[in-house]
Amino acid sequence: MKKFIHILILYVIAFMGTANAADAIVIDGGSNKAISIAVVPFGDSGTPDIATLVGNDLYNSGIFEPLPRQNMLSTPHRPNEVAFRDWTAVNAQFLLIGNASNVGGKIQVQYYLYNVTSQQQIFSGSAVGSPNQIRKLAHYVSDQVFEKLTAIKGAFSTKLLYVTSAGNNSYTLQMSDYDGANSVTLLNSKEPILSPRFSPDNRKVVYVSFESKRPRIYMQDIATGTRDQLTNYVGLNSAPSWSPDGQRLAFVSSKDGNPEIYTMRLDSKLVHRLTNNNAIDTEPFWSKDGRSIYFTSDRSGSPQIYKINVATGSTERVTSTGNYNANPKLSADDGMLVMVHRQDGYRNFVIATQNLVTNRVSILSNTNLDESPTIAPNGTMVIYATRKQGKGVLMLASINGRVRIELPIDNGDIREPSWSPFIK
């Protein structure tokens, strides 16, 4: 534990380092005009309201601006009830209508999407679920509408991991919908829980637990709760990260004296040391093809993000803008890096993105102690932890910078969010 605390102190010192670099480009409210869509209240939808949930999903993406209900001139539920003049008058570009009914104890949802300008139906669809699956049905509708209009797979049916603390030696690992609803407890502990991560198939999670008074990495089956302790090395064991194929784990250990990046084959538990540097190397994250790992290191004098070839060990620095860049996460196409960032001359830690083709850096958050970014599997949204009135909360921001909202989770002090892959 003393060595672990010592490492944290070293990082606090490293926070204060500086490096010469260009200023980041600040996004404030986004530069892209949102697409206007009218999501009409579904007929007989009950509670919660499906249309409200769909509208919230589309808004959270930063791409759409749902029409306020008070501006709607009519409320059609079926195709023969649509009057396009009502939607042209309020400048809606698209129209979504639908109805939900309880048939034999099941909720049946039918929905229709229209292009208001061309006055044509784009598509229609249906979904069936139990009465307690209204939110799941709504997220499904949102996914279908989002993909039809953007050609990007919707991520509203995905899941979120996060850690809560009650302040009295009570910690929980929670799994919820992406928006924080429908949370279930995966683990209760009297000791801290850190760095939860979904497996690529969404069947397992890994995390760091201090239940043995030292940081150790555990793997847990979500359905059964069965746990497997993966590491028991002296010193630091932290920051687990799944390989894309789910067969290996990257993690940080100080078992050889210095915090380094290691990989472990999960079938044999065979461990391979990847980095070898006098600096602190931490927070690994795999590239999409599994050939590279991005990680944080202070080998340049301040925390920056590096990329290492898993096969050859060849390493290159990725970030140069700002005096602090850490906790790298990649978009699904490996084109965008999401990170904790601090600009030169500032003391605030914010969430930023870096385009890995142009190296342009854009700031997403506007608070000052932001941490633990996690990106949606379709790359459109980021969730991160921050502080509000002395309490840990989770914020959602769209990648284009238009949306920043606090997730309505009321489970105490909240931190360590992690977004799931797509649900298969």
Residues that are among the polar types (S, T, N, Q), farther than 14 Å from Asp410 by Cα, open to solvent by 10 Å² or more (accessible area, probe 1.4 Å) and at pLDDT 95 or above, drawn from region 155-176
Ser157
Cβ pairs under 6 Å, 6+ apart or interchain, first in region 126-145 and within 19 Å of Val40 (Cβ to Cβ), second at pLDDT 95 or above and open to solvent by 70 Å² or more (accessible area, probe 1.4 Å), ordered by first then second residue, are Ala127/Tyr140
If we keep just the residues of region 139-154 that are open to solvent by less than 40 Å² (accessible area, probe 1.4 Å) and in contact with a Ser or Thr (Cβ under 7 Å, 6 or more places away or on another chain), which is nearest to Ala376 (Cα to Cα)?
Gly154
Conditions first: (1) open to solvent by 10 Å² or more (accessible area, probe 1.4 Å); (2) in contact (Cβ under 8 Å) with a residue 12 or more places away in the chain. Pro417 passes all but one, so which condition is the exception?
(1)
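So that you can scan it fast, the table gives a plain yes or no per residue for (1) among the polar types (S, T, N, Q); (2) within 14 Å of the chain's Cα centre (by Cα); (3) modelled with pLDDT of 95 or more:
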position	(1), (2), (3)
Leu396	no, yes, yes
Gly401	no, no, no
Ile405	no, yes, yes
Ser418	yes, yes, yes
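One line per residue, one yes/no per condition, for (1) under 25 Å from the mean Cα position of the chain (by Cα); (2) within 17 Å of Asp298 (Cα to Cα):
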| site | (1), (2) |
| --- | --- |
| Pro244 | yes, no |
| Asn258 | no, yes |
| Met264 | yes, no |
| Ser268 | no, no |
| Arg273 | no, no |
| Asp281 | yes, yes |
| Pro284 | yes, yes |
Based on this model, can you work out whether Ser183 counts as over 17 Å from Leu249 (Cβ atoms) and open to solvent by 10 Å² or more (accessible area, probe 1.4 Å)?
yes
Any residue in region 171-183 that is over 17 Å from the mean Cα position of the chain (by Cα) and either among the aliphatic types (A, V, I, L, M) or farther than 20 Å from Ser372 by Cβ (or both)?
no
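The values are calculated or read from the model by the stated rules, or taken from the named source; none is laboratory data. Values in this document were obtained by computation on a predicted structure and should not be read as measured data. So basically every Cβ, Gly included, is an ideal-geometry build from the backbone, and we count neighbours across all protein chains shown. Calculation scope for accessible area: heavy atoms of the full protein, side chains included, ligands and nucleic acids excluded. Shrake-Rupley method; radii C 1.70, N 1.55, O 1.52, S 1.80 Å.
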